[in-house]
Each structure stands twice: as C-alpha cells, then as structure tokens.
1. Based on what the data block shows, is B:Ala261 out of contact with any Pro (no Cβ under 7 Å at 6 or more places or on another chain), surrounded by fewer than 21 Cβ atoms within 10 Å (Cβ to Cβ) and not polar (S, T, N, Q)?
2. Taking strands (runs of 3 or more DSSP E) that fall entirely within the stretch A:148-240, which contain at least 1 residues that are in contact with an Asp or Glu (Cβ under 6 Å, 6 or more places away or on another chain)?
3. Which one of these is facing another protein chain (nearest Cβ under 8 Å) and either hydroxyl-bearing (Ser, Thr, Tyr) or within 16 Å of the chain's Cα centre (by Cα) (or both): A:Asp210, A:Asp264?
4. Quick check on the stretch B:100-110. Is at least one of its residues at negative phi, at pLDDT 95 or above, at the interface with chain A (Cβ under 7 Å from one of its Cβ atoms) and assigned to a loop (DSSP other than H, G, I, E, B)?
5. For the stretch A:266-282, give me the residue count where each residue is outside any strand (DSSP E or B) and crowded, with 24+ Cβ neighbours inside 10 Å.
6. Which of the helices (runs of 4 or more DSSP H) contained wholly in the stretch B:180-289 include at least 1 residues that are within 15 Å of A:Asp264 (Cβ to Cβ)?
7. Whether any residue in the stretch B:132-154 is hydroxyl-bearing (Ser, Thr, Tyr), assigned by TED's automatic domain parsing to the domain that holds B:Met226 and farther than 30 Å from A:Leu178 by Cβ is what I want to check.
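The values are calculated or read from the model by the stated rules, or taken from the named source; none is laboratory data. These figures come from a predicted structure and were not determined experimentally. When we count neighbours, we look across all protein chains shown, and the Cβ atoms used for this are built from the backbone with ideal geometry, even at glycine.
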Amino acid sequence: MDLYEYQGKELFARHGIPVPRGIIAENPESARAATEILGGTSVVKVQVQIGGRGKGGGVVLADSPDEAEAAAERMLSEGFGGRKVTRVLVEERLAIAREFYAAILLDRSTGTDLAMVAAEGGIDIEELARTRPEAIRRLHIDPEIGMHPYHLRALTGALPPESRDLVENVLAGLYDVLTKEDATLVEVNPLVLLEDGRVFALDAKVTIDDNALFRQPEIEMLKTVFPIDPVEFRAREAGLQYVKLDGEVGIIGNGAGLVMSTLDVVQQAGAGAANFLDVGGGASADAIATSLEVILSDPNVRSVLVNIFGGITRCDLVAEGLLEALQRVTPNVQIVVRLDGTNAEEGRRILEAAGHPRIVPAATMLEAAQKAADLARGEVAYRGHPG
Amino acid sequence: MAILVDRTTKVVVSGITGREGTFHALRNLAYGTQVVAGVTPGKAGRDVEGIPVFDTIADAVEATGANTSLIFVPPRFATEAIYEAADSELRLVVCITEGIPVRDMARVASYLRGKSSTLVGPNCPGVISPGKSNVGIIPGEICTPGRVGLVSRSGTLTYQIVHELTQQGIGQSTCVGMGGDPVHGVGFLESLALFNWDPETDLVVMVGEIGGDDEERAAEYIAQEMTKPVVGYIAGFTAPVGKRMGHAGAIVTGSSGTAQAKAEALEAAGVKVGRTPTEVTELVQAALP
C-alpha cells in the first residue's frame, strides 16, 4: 500500500524527520487560505499515488494566494495522470542550497534492508543507478542487528561535511519508519540542504506491507482517504483478490499464478483481460456468484472466462457453484467455462446437463481463451448449451 | 533420491488441530507420507486420527524422530513456528501460511543463515516427490513418479503444468512450490542446484512470474553451472506496473521484475521458455533424452 506524500510526511515528522510546514487542501479556497497562513507564497503539490509529478505539472510554485488557488483548482478538477485528485498539499517555500537522495527499502533478493544515499536529488534513481552507479552509496543492513552509527557514517560519506550530521538524523528516522511502521520502502527525493543549513525531507514516498496491516491499525486507517474504483471496492469487501485492467474479457480463476497466466493467454488470443480475479481455493457458489457480480458490474466486459484448475478444489462443486450463482446473477454476456483437474469430468457433465444458454464449455485453457477473446471481439457468437 | 522430501521424510505438522492442518495432514498421510506428529500448544496428549499431538516441536521430535516441519498456523504465529523448527534442527521446514509480514520473514531469513534447516515458503503449496512423500497441499493425484524436476512460485499454475505433464506420460522426480512471497526460503537457484545433482532428475521445469529477480539470478546459475536442460514459463506478461497480482511478491516495480526481462534472461542462458502452460509440456517432450 502506497501512502500519499502528506501521509508519509506525517509519519516522517512523528519519527523526527524535519519536513516543511504544510497544510492539506481539499478545495481551491483552502489552498488560498493555506498560502496566506504560510506567508503569501507556497508550493502546491498534487496528492496521487504515482510518480512523475514534477514533470507533469503536479507541483506548482505559487507566488501568491491567487496563484495557489488557481493551481489547486486545476489539479482538483483535471486530476493527474488519469487519476482523480481529491486533495493537494500546500507547503511553505524553502531556500534550497543542495539536493540529495535518501532511501531505505527491503531488498527482497537478500532479505535485508538496502539503504541508499546520493549527493544529488530530484533525479530518477533507476537512471542514476544505470548511468553512474558510483554516485550512489549503498549499504545492506541485516534486520537482526539493525542500523548503527557506522552505517550512517558510511552512507553520508560523500555529502557536504556540514550536512552529514543532519542527514544521519534523517536516515535514522527513515529506518525507524521502516521498522516500526512495517514499511517496505521509504524514499526521500529530494532531501534538501537549505541555505540556512537545515536539512528537510521535501518529498516522501512510503510503501507499507499489506500483510502487516493487522498490527498497524493507524496506518490501515490512512486507506480510507484513497480514491477507489467502485468495482475494486466491491471486490475488496467480498475478500476477493481483484485488480481492474482495461480489456474486455472478464476473468475468474483460482490461484494467482494461473490467473496471471490466463490474462497472458487471453492477450495471445487477441483480446485484453478486463481484470485479474483470484476466487481462491474453495471456489464456493458464494465466491463464484460474488465474483460474477463484481466482473459484470464493469461496463467494459463483453465476455467472461472462468478458468478453474481443481487441485484441492473439486470441479463438480465449482460447476454446481456456477449454476447456483447464475440463479442469482443474470449475465448479458457469454461465460466460457474451462474445468480441469480433480473431478473435471463430473463438473463438465453437470454443466452440460444443466444446459444453461450463457455457459460455453471449453476443453482446454487455450481453447477457452480463444473462445472468450472471439466473443469479446464480437466475431463469433458461441452459443451456450442448448437450453 | 529426489530432492528435499523422500521416503525418509518424517513430518511434524504445526497447527495440526486447525481445519487446514487436519485436512492436509490426513491427506499427506493417506498419500503415504510419514506424518508422525502434530503440534498445537495446550493440546499435548491428544491425537488427530492416530497422529499424536504435542505442545512443542522439541517434544514431537524426541518422541517420534520427526525430521521435517510442515506449518499451517496463522500469519501472526507462523514465524515462531519456523524458529521453533529451526531450533530443533529439523532438516526441512515447509511453511504453507499466507500473509506473513515481510519484515518478519526478513528476520527469519537472517536467523536461518548458517542454520542446518532449509526453509520452503512461506505462502507456498509445499513439496512432493511423487510416489515417495507429499509435504504440503499439492494434490498427489495429479502427479506421477518420473524424472522431471519442477520448481514454481505459484500453486494452481504448477498443478496445471504438472497435470499436463502427467497426461502426456511425463513423470516428476520432485515438485517444489517455493511460494509467492517476496522474502522466502528455497528459491529457483537452490532448487536448480539440488536438481542438478539429483541422479533421478533429467530435466527441470521452472515456473516464474513477475516481481523480484529470482529468475534472473537462476539464469546466471543455469548459464554457468547447470548440466541438465531447463524449460521455463513466466506468468504476468500483461500485468500492469505497480499492481500486485494476487501474490505478495508478484509486482512490477519501476522497470524491474517484468516478465519480458525474465524470459529474456532465461533464454539468453539457453532455457526454452514456453508461451503457454501447454507449450511447456511440448518443450519438455522435445528436450527429454
């Protein structure tokens, strides 16, 4: 879960990292008022969970309350990068002398924390790592021993001497956020040295481990302000693993890997998947009915592909679940069903016997993907079982 | 031979009195696995259809000679079960539990360095050496004994591929479900190395997906050390950047962890990569000696 910049900065401040004075505004008038409070000038920053704000007009230096109001008006009405924007962060303007980069992330390949500091900021760190890797100081920190002063000294070794103590303080704070708030990434880009010698986190990128939310109730609460697609919301409420995509074939499968593979195969068949949906191990009638409801509420969906491999899950029960679901949901598109694995024969027989006009059987995953793709493109009208 | 589990495997199941624990312990037992003990704190002295239950893994090991741990306990207690198994020096620890905080797993990974226990998982379906031993939730019925090794980050996708292999008469030496979490135990690298030395394995299938660099590191190993043919599959070519696709570890971040990069790295190392699960079986058929 990616936090908004202002949420990340609140965490930073709580862990002793200096951040600019800032006020959240949910309408243009508040942005004006905030700028007045901050002394007549401000920086207006769009709050979205994606990067590239600087280049895309998501950060505006306002020289007056009028300008701040206009910038907020534009951001809130136009959105950013195709996303809805519900709030902007209005911050004090600071006199910047130097920009740095600092981050700590959980490096999955080693299972240790990787801290990185660069003496330049506001840059694309992936690009810098490719072109001038020597410009980044990198250090792995074993989670069993934690971050120590020698780590901090090594990381800040290439920074201007007068800034080192303050940056070390920031790094210690970042490590605190990482470990105490169950973050997997904390990044400050840029971290700035001001003309008056102070060091501030000008930006904040924080990713929290979803698996740890059960013990981070305060962070879980931060989610409530995220804008969310209504279909995604419904899926989440039902406990389904759902990701909205932009194709036309609605997908239901069991198991994350199989579903990912299904999306790929549908694309190879010439259509796009409308979603990722993992119905989970049991694939009960309830779960299937809810999944169907969720998928069919997406207006882009022109066909549905149900791809089940029965391991522990029994295909006969899946077939019964599907039929029961179809008594609750009335789809206006065809549903291609492929059952394989445990009790697949029986499952297919149950579907055939029911003769539902919306169910189009398929023997293999590839055949199913092809049929669903053809249906979505409106090229072929596969009829369901003769009803 | 086979790898990780075989006829000498003696399993102690942590969380055996839970619904999942009971169900799968009995399935593993019915498969022919030596499931010798279960652990549920406070339930020592009971049994689950004849499998004795103990308070601690240490007690279970002392009484039954268990050498492998299988863990079904909920996420907030699962890492404790892993530590407990490692402290009892069990040779293999298979953790099925999904949803363990990744920082907890990082500490486990750190603790296990230099210990004698090998961890598989978490968030994994387990390990099966068909005809010998099944430790986890992989349905034994879809497997058949043979000489193809398989290692995968996914559950049902593995079942799909194993099923297709079995239908074509291609048996498996061992199937390793390494799991879908970002920080985990045995990976592609370790599995490939074990298969490389296993006299009962002729070819290895590796099933990867988006996120991390396990596949890329495996490709390096394959190019340098692997003496047996490897067939690959990568799921998630169409996955969007920054979206988690079901598994905690299945996410493309920035430009790293894409399916394309993984497939290219593997192909550069001489691995044949199938575009569909069905093509994997065809490639295996063509590559088998």
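1. Yes: the conditions hold for B:Ala261.
2. Fully inside the stretch A:148-240 and qualifying: A:183-194, A:205-208.
3. That would be A:Asp210, the only listed residue that is facing another protein chain (nearest Cβ under 8 Å) and either hydroxyl-bearing (Ser, Thr, Tyr) or within 16 Å of the chain's Cα centre (by Cα) (or both).
4. Within the stretch B:100-110, one or more residues are at negative phi, at pLDDT 95 or above, at the interface with chain A (Cβ under 7 Å from one of its Cβ atoms) and assigned to a loop (DSSP other than H, G, I, E, B).
5. Residues meeting the conditions: 3.
6. Passing ranges, in order: B:259-268, B:277-287.
7. Yes.
Every residue, every condition in (1) farther than 24 Å from B:Pro125 by Cα; (2) outside the structural domain of B:Pro182 (by TED's automatic domain parsing); (3) of a type in the set (Ser, Thr, Tyr), yes or no:
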residue: B:Met245; (1), (2), (3): no, no, no
residue: B:Ser255; (1), (2), (3): yes, no, yes
residue: B:Thr258; (1), (2), (3): no, no, yes
residue: B:Glu264; (1), (2), (3): yes, no, no
residue: B:Gly270; (1), (2), (3): yes, no, no
residue: B:Val273; (1), (2), (3): no, no, no
residue: B:Thr276; (1), (2), (3): no, no, yes
residue: B:Glu279; (1), (2), (3): no, no, no
residue: B:Val284; (1), (2), (3): no, no, no
